[in-house]
Amino acid sequence: MTSAVLGAEAASTGVAAQTIGANSTVRFDAVTVAYRGAIVLKPLTLDVAAGEILAMIGPSGSGKTTALRAVAGFVRPASGRIHIGGADVTDLPPYERGLAMVVQNYALFPHMRVADNVAFGLKARGAAKPLIEERVDDALRVVGMQKFLKRYPRELSGGQQQRVAIARALAVRPRVLLLDEPLSALDAQIRRTMVEEIARLHVDLPGLTILYVTHDQSEALTLADRIAILKDGALSAIGRTSDLYRRPPNRFAAEFLGRANLLPVSWREIPARMEWLRSAPAPTDSWWRATRRPQARVASSAFVRSI
Ligand code: ADP
């Protein structure tokens, strides 16, 4: 199963009534994952704050989905621990972790109407009918799909199907929402709209922590509070979105996030107007970005940096 509704909180208040609480923090504590003995996720230590959107980006095969699946409980770490809300969940099955996951291909049940798709996780948990109706209504409202209750997935556009998939995830009141390339199957125009909708959804649900895996840097730049860049199964860079964009700590981050012209430079002196460089994080390699981005005017020919 590629999409899953993994757990629920007992609260019966509206989805929008969620508040930020420490129970939605996520911690990777030196987590490694191996497939048939081959390490594909090197020791990953990373804290995600409650209510934060953390985007994980990186080339194909860099370990993004594996990291997400480790949080979900679909893959067991070879070593290290996963904590959610301060509790060690490494040995818990997926459905006891209080999470929901949405994947690229929606994975809606084709023979079920929208309402039944969204109700699925709650029914599986034996929730009472009035509660199910309230939750389904609430979740569909959050994604703007309350008028489509009776449709079948085949009667919806790709964007609408993905909204239903998100509603199905939200209906179980997850404390953490895992989004694995949720918009990749959609065309560019719908993707932009959906990115805005996910941003709005997060305003409505400030307590919900979101781990967002994407290869699309513009989605990450638009949505994320922080971005983690993975490369070859290891964390290459992490930082607040604007910091990482303006002052990437290494060449890989500079090249991967945004467009950049890279120039080899060497240190002679720092002009007074670039005094801020002294407090900037030291680059970890001999390249620094000379950028044309208006926000970061560092493309001067006098620009130098230590190597
Ligand atoms: P990403 O999401 O960044 O594209 P993945 O986490 O899917 O990367 O994959 C990381 C590495 O693990 C890749 O080399 C991939 O081939 C390998 N991998 C992923 N899933 C499996 C699996 N079920 N069995 C064996 N290798 C896998």
Which of the residues spanning the stretch 146-183 are within 18 Å of Y95 (Cβ to Cβ) and either without any contact (Cβ under 8 Å) to a residue 12 or more places away in the chain or among the aliphatic types (A, V, I, L, M) (or both)? A165, A169, L170, A171, V172, V176, L177, L178
Unique residue being closer than 27 Å to E219 by Cα and within 11 Å of the ligand (Cβ to nearest atom) when the list is T45, T65: T65
Go through the stretch 206-221 residue by residue and tally those that are surrounded by fewer than 19 Cβ atoms within 10 Å (Cβ to Cβ) and within 16 Å of the ligand (Cβ to nearest atom). 3
Which one is surrounded by the most Cβ atoms within 10 Å (Cβ to Cβ), of the residues in the stretch 178-205 that are more than 16 Å from the ligand (Cβ to nearest atom) and closer than 23 Å to A67 by Cα? I198
Return a yes/no flag: does the stretch 243-259 have any residue that is at pLDDT below 65, small (G, A, S), over 22 Å from V26 (Cβ atoms) and part of a loop (DSSP other than H, G, I, E, B). no
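Please find, among A139, A70, the residue that is within 16 Å of the ligand (Cβ to nearest atom) and assigned to a helix (DSSP H, G or I). Let's see the steps before the verdict.
On the way: A139 fails: within 16 Å of the ligand (Cβ to nearest atom).
One residue alone meets the criteria, A70.
Which count do you get for residues in the stretch 143-159 that are outside any loop (DSSP other than H, G, I, E, B) and in contact with a Lys or Arg (Cβ under 6 Å, 6 or more places away or on another chain)? Full working, then the answer.
The initial filter retains those residues of the stretch 143-159 that are outside any loop (DSSP other than H, G, I, E, B), namely 146-148, 153-155, 158-159.
Then drop every residue that is not in contact with a Lys or Arg (Cβ under 6 Å, 6 or more places away or on another chain), which leaves none.
Result for the stretch 143-159: 0.
Condition check ((1) farther than 16 Å from L177 by Cα; (2) under 22 Å from the mean Cα position of the chain (by Cα); (3) more than 16 Å from the ligand (Cβ to nearest atom); (4) buried (at least 19 other Cβ atoms within 10 Å of the Cβ)) across all residues:
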{"residue": "G58", "(1), (2), (3), (4)": "yes, yes, no, yes"}
{"residue": "I84", "(1), (2), (3), (4)": "no, yes, yes, yes"}
{"residue": "Y95", "(1), (2), (3), (4)": "no, yes, yes, no"}
{"residue": "F109", "(1), (2), (3), (4)": "yes, no, yes, no"}
{"residue": "I132", "(1), (2), (3), (4)": "yes, no, yes, yes"}
{"residue": "R151", "(1), (2), (3), (4)": "yes, no, yes, no"}
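The values are calculated or read from the model by the stated rules, or taken from the named source; none is laboratory data. Treat the numbers as computed from the prediction; the structure is a model and nothing was measured. For neighbour counting, all protein chains shown are included, and Cβ atoms are generated from backbone atoms with ideal geometry for every residue, glycine included.
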